[in-house]
Amino acid sequence: MNYFKTAILLAGMTGLLMVVGFLIGGQTGAVIAFVIAGAMNLFSYWNSDKLVLSMNGAQEVDEQSAPELHSMVRRLADNAGLPMPRVFLMDEAQPNAFATGRNPQNAAVAVTAGLLNTLNREEVAGVIAHELAHIKNHDTLIMTITATIAGAISMLAQFGMFFGGGHRENNGLGIIGTLAMVILAPIAAMIVQMAISRTREYAADNLGAKISGQPMALASALAKISDMAHHVENDAAERNPATAHLFIVNPLSGLRMDNLFSTHPATENRIAALQQLAGEMGAGGYRRSGSSAPRYAPSGPWSGGARRGPWG
């Protein structure tokens, strides 16, 4: 059902792109819009992972520089039936993570230093399993395509303003219609992108919990990350808000207008879904104390007080 919904939303996004192209240049405009989107997607297919990793200051680590992290990713990748992805570390205090890559054979998982310093082992494993679920579900490619098409729609809508009201002999847009298109088309694209992102996040939570075998550890991680995201700024994400939808939790602080439409479901709803899954799996773990969020250890690196972190 999730894949069917995603396919429908992607079709809707492509249709919206062609409508904007038609309003600007008639049938020719619709064809040109489709070609532009195809060219942008082709470029993104081959280069999106490099761009996203670079924009977020991610540095690759190996078995020598991050033995424990590497070992954990390898074990979870084996659980998921995936090839070992490349592993990256971001020098950000905010706990967060994302996955990227056009397919499982060319995938990467990136985590922040804050994630490793704040979460315990089980929680880190839950987060990494969530990102591996995105890779297994090919969400990294889907989200790249939706972001590219959304960008193309916004770009074409801006072109419509410069072309002075579109293909008037066909549609008579006029200045009011052009202004409406410039404002509403990107918003519509953003709403569709949000719907796709939220659908994929729930699916990755579900599969990730099964990969790690500890749904409540992932729920605890989500609670911690969501809480800290409001207090600890992610400088790279703030500079590049277009990549925010890739992270496990929205990394934007909410101080910018970019956070007006969140591409992530409410953390409370994700936790509730994981609690239900834990019941179905018979998974024990973190006790609740009068709250929908799971109780978790207040902080700490993976191994009882070691301060150097699990990557060194």
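The values are calculated or read from the model by the stated rules, or taken from the named source; none is laboratory data. Keep in mind it's a predicted model, so treat the numbers as computed, not measured. Counting neighbours? That spans all protein chains shown, and the Cβs are built from the backbone with ideal geometry, glycine included.
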I'd like the residue in region 83-120 that is assigned to a loop (DSSP other than H, G, I, E, B), of a type outside the set (G, A, S) and under 21 Å from L141 (Cα atoms) and, out of all such residues, is nearest to the chain's Cα centre (by Cα). N96
Members of region 118-140 found to be farther than 13 Å from D205 by Cα and not charged (D, E, K, R), listed by number: T118, L119, N120, V124, H138, T140
Anything in region 69-104 that is polar (S, T, N, Q) and either at pLDDT 95 or above or in contact with a Ser or Thr (Cβ under 6 Å, 6 or more places away or on another chain) (or both)? List them, or say none. S71, N79, Q94, N96, T100
Pairs under 6 Å by beta carbon, first residue at positive phi and modelled with pLDDT under 80 in region 138-155, partner in a helix (DSSP H, G or I) and crowded, with 22+ Cβ neighbours inside 10 Å, six or more apart or different chains? none
So, in region 81-111, how many residues would count as being closer than 21 Å to A209 by Cβ, in contact (Cβ under 8 Å) with a residue 60 or more places away in the chain and not aromatic (F, W, Y)? 4
Out of N47, N41, N56, report the one residue that is free of Cβ contacts under 8 Å to residues at least 60 places away in the same chain, surrounded by 12 or more Cβ atoms within 10 Å (Cβ to Cβ) and under 22 Å from the mean Cα position of the chain (by Cα). N47
Go through (1) in contact with a helix residue (DSSP H, G or I) (Cβ under 9 Å, 6 or more places away or on another chain); (2) surrounded by fewer than 19 Cβ atoms within 10 Å (Cβ to Cβ); (3) of a type in the set (D, E, K, R); (4) modelled with pLDDT of 75 or more one by one and return the number of the condition R198 breaks. (1)
Determine whether V124 is among the aliphatic types (A, V, I, L, M), crowded, with 24+ Cβ neighbours inside 10 Å and under 16 Å from the mean Cα position of the chain (by Cα). no
